[in-house]
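Undergrad: Just passing along the structure, written as structure tokens.
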Amino acid sequence: MNAILGIESSCDDTSAAVIIDGVLRSNVIAGQKVHEAYGGVVPELASRAHQQNILPVVSEAIRQAGITKEQLTAIAYTRGPGLMGSLLVGTSFAKGLALGLGIPLIDVNHLQAHALAHFVKESEEDEVPEFPYMCLLVSGGNSQIILVESPEKMQIIGRTIDDAAGEAFDKCAKVMGLPYPGGPHIDRLAAEGDPNAFKFSKPHIPGLDYSFSGLKTSFLYTLRDALRQDSDFIERRKADLAASLQHTIIEILLDKLTLAVEQHHPRHIAIGGGVSANSGVRKAVADFCEVRGIRAWIPKRSFTTDNAAMVAIAGAMRLTPDYRGDLSLPAYARTEI
């Protein structure tokens, strides 16, 4: 039996998962509601919550998998990028447990894990992508187009030069007075609104890189000018604002994805990251691929946000019989794939 424990603690979700012989047996996630009052993740509060959550989360993941910790064959953990305080909790716990059990420790790049989330299998019959494929990684901290040639060979061909798509969703939602995180609220409201009700600024960035700062500014100015005339503007037009914002973000994402496809001709396109849970993004990418005869890989929503299942599978794909890992490797807050 090959049983790999994955540990994820890069931001505000503490997660542990167990993959046995290539099949996911548990995926436990503990969120942190404490940040809602502040409208965003507070790093110090996040690291404290991880300290409280990590032991029960890991214990529950092992219990749900139907094994004991002594039956684990390796531990994969998120080494970075992310919030340093949060990463240190997961890194330290993983190192201590691996050392105590005398089993290999596999460090995982969080962004690579998102790109490999499609290889998580909940049954032996589940299909997985074929290498190479193109991945549109969209989250609160990253917006990237990645060529995935193998589990360890990935090339970023496009990235945001300022804000990420998820950040645009959340910050625009915040100025509308929506709760944090705002992305899911925008998604829900957009289903009831007119996507063509408002026109927001779209960037003119050469190549395959993204930019969302101009969109945020355009959105803010639209609200500011309208509120001068009507103090109830946001409440009256909330659904239309959400739909138009979502529509514009999707257009920006697909404009660059179109260029990337024309240049690299992928047979498979996958999406990943928290924004890939958005209903509009999921449908738009699926339709985009269908028109072009490309196989689309749309992840289950449980594998879009930060989760340990993707960390465990990324670790499993790196594990070899002679792999031991390095207990001295430090966590890192910033890096690329």
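The values are calculated or read from the model by the stated rules, or taken from the named source; none is laboratory data. Keep in mind the model is a prediction, meaning the values are calculated, not measured. Don't worry about glycine lacking a Cβ; one is built from the backbone with ideal geometry, like all the others, and counts go over all protein chains shown. To get the accessible areas, we keep the full protein, side chains included, count just its heavy atoms, and leave off ligands, DNA and RNA. Shrake-Rupley method; radii C 1.70, N 1.55, O 1.52, S 1.80 Å.
Undergrad: Say whether the condition of being at pLDDT below 95 and charged (D, E, K, R) is met by at least one residue in segment 152-159.
TA: The answer is yes, given that some residue of segment 152-159 is at pLDDT below 95 and charged (D, E, K, R).
Undergrad: In addition: Looking only at segment 82-102, filter to residues that are within 20 Å of the chain's Cα centre (by Cα) and polar (S, T, N, Q); which one of those is farthest from Leu329 (Cα to Cα)? Don't jump to the end; show me each part of the working.
TA: Narrowing segment 82-102 to residues within 20 Å of the chain's Cα centre (by Cα): 82-91.
Still in the running and polar (S, T, N, Q): 86, 91.
Details: Ser86: 16, Thr91: 9 Å.
The qualifying residue farthest from Leu329 (Cα to Cα) is Ser86.
Undergrad: Under the condition of being under 22 Å from Ala16 (Cβ atoms) and charged (D, E, K, R), which residue from segment 306-337 is nearest to the chain's Cα centre (by Cα)?
TA: If we take residues in segment 306-337 being under 22 Å from Ala16 (Cβ atoms) and charged (D, E, K, R), then Asp306 is nearest to the chain's Cα centre (by Cα).
Undergrad: Then there's this: So, in segment 278-301, exactly how many residues are more than 14 Å from Tyr133 (Cβ to Cβ) and touching an Asp or Glu at 6+ places or on another chain (Cβ under 8 Å)?
TA: 3
Undergrad: Right, something else. Can Phe119 be described as open to solvent by 10 Å² or more (accessible area, probe 1.4 Å) and within 30 Å of Lys69 (Cβ to Cβ)?
TA: yes
Undergrad: Inspect segment 107-121 for any residue being free of Cβ contacts under 8 Å to residues at least 12 places away in the same chain and either under 18 Å from Gly22 (Cβ atoms) or part of a loop (DSSP other than H, G, I, E, B) (or both) and give the result as yes or no.
TA: Keep residues of segment 107-121 that are free of Cβ contacts under 8 Å to residues at least 12 places away in the same chain, which gives none.
No, every residue in segment 107-121 fails to be free of Cβ contacts under 8 Å to residues at least 12 places away in the same chain and either under 18 Å from Gly22 (Cβ atoms) or part of a loop (DSSP other than H, G, I, E, B) (or both).
Undergrad: Inspect segment 211-229 for any residue being closer than 26 Å to Phe303 by Cα and under 23 Å from the mean Cα position of the chain (by Cα) and give the result as yes or no.
TA: Scanning segment 211-229 turns up at least one residue that is closer than 26 Å to Phe303 by Cα and under 23 Å from the mean Cα position of the chain (by Cα).
Undergrad: Still on this structure, please answer the following. Give the residues of segment 1-42 that are within 23 Å of Leu101 (Cβ to Cβ), free of Cβ contacts under 8 Å to residues at least 40 places away in the same chain and open to solvent by less than 40 Å² (accessible area, probe 1.4 Å), sorted by residue number.
TA: Result: Ser26, Ala30.
Undergrad: Just to confirm my filter: which helices (runs of 4 or more DSSP H) fall fully inside segment 226-337 and include at least 1 residues that are buried (at least 21 other Cβ atoms within 10 Å of the Cβ) and of a type in the set (Ser, Thr, Tyr)?
TA: Correct list: 238-264.
Undergrad: What number goes with the only condition from (1) of a type in the set (S, T, N, Q); (2) at pLDDT below 95; (3) closer than 20 Å to Arg318 by Cα that Ser47 does not pass?
TA: Tallying (1) of a type in the set (S, T, N, Q); (2) at pLDDT below 95; (3) closer than 20 Å to Arg318 by Cα, Ser47 fails exactly one: (3).
Undergrad: Quick one: count up the residues across segment 131-181 that are in a helix (DSSP H, G or I), of a type outside the set (A, V, I, L, M, F, W, C) and open to solvent by 10 Å² or more (accessible area, probe 1.4 Å).
TA: Qualifying residue count for the region: 4.
Undergrad: Identify all residues within segment 189-225 that are in a helix (DSSP H, G or I), in contact (Cβ under 8 Å) with a residue 40 or more places away in the chain and open to solvent by 60 Å² or more (accessible area, probe 1.4 Å); write none if there are none.
TA: Once the filter is applied, which keeps residues that are in a helix (DSSP H, G or I), in contact (Cβ under 8 Å) with a residue 40 or more places away in the chain and open to solvent by 60 Å² or more (accessible area, probe 1.4 Å), segment 189-225 yields only Leu220.
Undergrad: Then there's this: Of everything in segment 44-75, what is touching a residue at least 40 places away in the same chain (Cβ under 8 Å), open to solvent by less than 70 Å² (accessible area, probe 1.4 Å) and assigned to a helix (DSSP H, G or I)? Give them in sequence order.
TA: Result: Ala46, Ser47, His50, Ile54, Val57, Val58, Glu60, Ala61, Ile62.
Undergrad: How about segment 206-236: which of its residues are modelled with pLDDT of 95 or more and among the hydroxyl-bearing types (Ser, Thr, Tyr)?
TA: The answer is Tyr210, Ser211, Thr217, Ser218, Tyr221, Thr222, Ser231.
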